[in-house]
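The values are calculated or read from the model by the stated rules, or taken from the named source; none is laboratory data. No experiment lies behind these values; they were computed from the predicted model shown. Note that we place each Cβ from the backbone using ideal geometry, even for glycine, and neighbour counts take in every protein chain shown.
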Amino acid sequence: MCPSHPAPESPNVLKNNTFVGWLMALPIMAVLMFFLVLPIIMIVIVSFWQATEFSIVPAFVWENYEFLFGSNVTYRVFLNTFKYAAITWAFTLGIGFTVAYFLAFHVRSLTWQIVLFLLCTIPFWTSNIIRMISWIPFLGRNGIANSTLISWGVIDAPLEWLLFSDFAVILAFVHLYTLFMVVPIFNTMMRIDKSLIEAARDAGASGAQILWNVIIPLTKPGIMIGTIFVVTLVMGDFITVRFMSGSQSANVGRLISNDIALLAYPSASATAVVLLLTVLIVIGILLRFVDIRKEL
C-alpha cells in the first residue's frame, strides 16, 4: 500500500490561519509601536528642531547634525566610546567564556551547575550604581588596594591611576556586564552534544584542538548574543563613565546627558539618533558572521 499523504489545506483555511496569527500578534505589536517605535520617531523629529537660548522651535533644520559632525569633540567622544566597548568586550568575553566553559564541562552535577550559576547572579541582586560605587573606596588613594600594596612593600606611594581613570571605568564595565556574556555562552555550551567531544577525543584530538575546532565554533551564536548585549550596553552607558572617571572622560551617553541637563533637547536627540544608527550598524555587522536565530 502506498503511504497516505495529508490533503493540502485550502486557500481559505490558509488565509484564516494567517488572519488569526496576525490577530494574536496585534497586542504585542501595539505595545511595541507605542513604547518603542513612536518614541524613536519622536526623537528623530525633535533632532531636526531648532533650539534657541530661551525656547525650542519646531522647525526643520540641519544645524544640530551640522554642529555634531563639524565638531572634533564628537569624533573624539565616539572614538572613546568605541574604545570602552572594545576593551570591555575583550575582557568580558575572556572571563565569560572561561566561567561558562567551567560550568558546562567541568561541573558534572546539575545541582552544582545551578548553584554556581546562581552564585554568579548575586551581584545583580543590588543596583548597578551601588555595585559601581563600591569600587571607589577600594580603588581610592587611601583605599584597600593601595593600602594593601603599600603594606606588602610592592609600591612606595599610592597609585593615582586606580581611580578616576579609564582603568576604573573599564573595571566597572567588566564587573557590571560580564554576566551578560556568561549567560548566552553557557546556554549555548549546554546544548553541545557531548558525543561530539568524545568522538574528537577518540580521534586523537588534544584538549586545545577540541576547544578550537569543536567547542568554539558551536558556541559562536552564544558569543555573538553576548557581544551584542555587552557592546550595546557599554555604548549607551553614561553614569559609569561619569562616576568612575571623575568626570574626566566622556562617551556618547555622557554627551547626550549633558545636552539634556542644559535643556538642549534637539542636540541631544541628534546625538541619540547617530548613536542608534551606529549601534544598529555594529549589530548588523555582527549578525553577518553568525545566524543567532537558532538561539532565539
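Quick notes on this one:
- Summed over region 109-132, the residues that are surrounded by 14 or more Cβ atoms within 10 Å (Cβ to Cβ) and either in a loop (DSSP other than H, G, I, E, B) or among the hydrophobic types (A, V, I, L, M, F, W, C) (or both) give a count of 4.
- Some residue of region 218-227 being of a type in the set (Val, Ile, Thr), buried (at least 17 other Cβ atoms within 10 Å of the Cβ), in a helix (DSSP H, G or I) and more than 16 Å from the chain's Cα centre (by Cα): yes
- In this structure, ILE192 does not qualify as crowded, with 18+ Cβ neighbours inside 10 Å, on the phi < 0 side of the Ramachandran plot and in contact (Cβ under 8 Å) with a residue 60 or more places away in the chain.
- Of the helices (runs of 4 or more DSSP H) that lie entirely inside region 164-209, those containing 2 or more residues that are aliphatic (A, V, I, L, M) and modelled with pLDDT of 90 or more span 166-177, 179-189.
- Among the criteria (1) free of Cβ contacts under 8 Å to residues at least 40 places away in the same chain; (2) surrounded by 12 or more Cβ atoms within 10 Å (Cβ to Cβ); (3) more than 30 Å from VAL183 (Cβ to Cβ), the one TYR65 does not fulfil is (1).
- Residue that is farthest from TYR177 (Cα to Cα), among those in region 241-274 that are touching a Ser or Thr at 6+ places or on another chain (Cβ under 9 Å) and not in a helix (DSSP H, G or I): GLN248
- The condition of being more than 18 Å from the chain's Cα centre (by Cα), surrounded by fewer than 16 Cβ atoms within 10 Å (Cβ to Cβ) and hydroxyl-bearing (Ser, Thr, Tyr) does not hold for SER245.
- Of all residues making up region 32-53, the number that are loosely packed, with under 11 Cβ neighbours inside 10 Å and closer than 22 Å to SER257 by Cβ: 5
- Among the residues of region 131-186, those identified as over 21 Å from the mean Cα position of the chain (by Cα) and among the small types (Gly, Ala, Ser) are SER134, GLY140, GLY143, ALA145, SER147, SER151, GLY153, ALA157, SER165.
- The lone exception for PHE238 - which of (1) within 21 Å of SER47 (Cβ to Cβ); (2) over 14 Å from the mean Cα position of the chain (by Cα); (3) of a type outside the set (Lys, Arg) it fails: (2)
- Checked against the criterion of being under 23 Å from SER55 (Cα atoms) and surrounded by fewer than 19 Cβ atoms within 10 Å (Cβ to Cβ), region 270-280 contains not a single residue that satisfies it.
- In region 87-142, the residues that are over 25 Å from ILE239 (Cβ atoms) and touching a residue at least 24 places away in the same chain (Cβ under 8 Å): PHE97, VAL99, ALA100, TYR101, LEU103, ALA104, PHE105, PHE117
- Test: residue in region 92-102 that is closer than 25 Å to ILE223 by Cβ and modelled with pLDDT under 90: no
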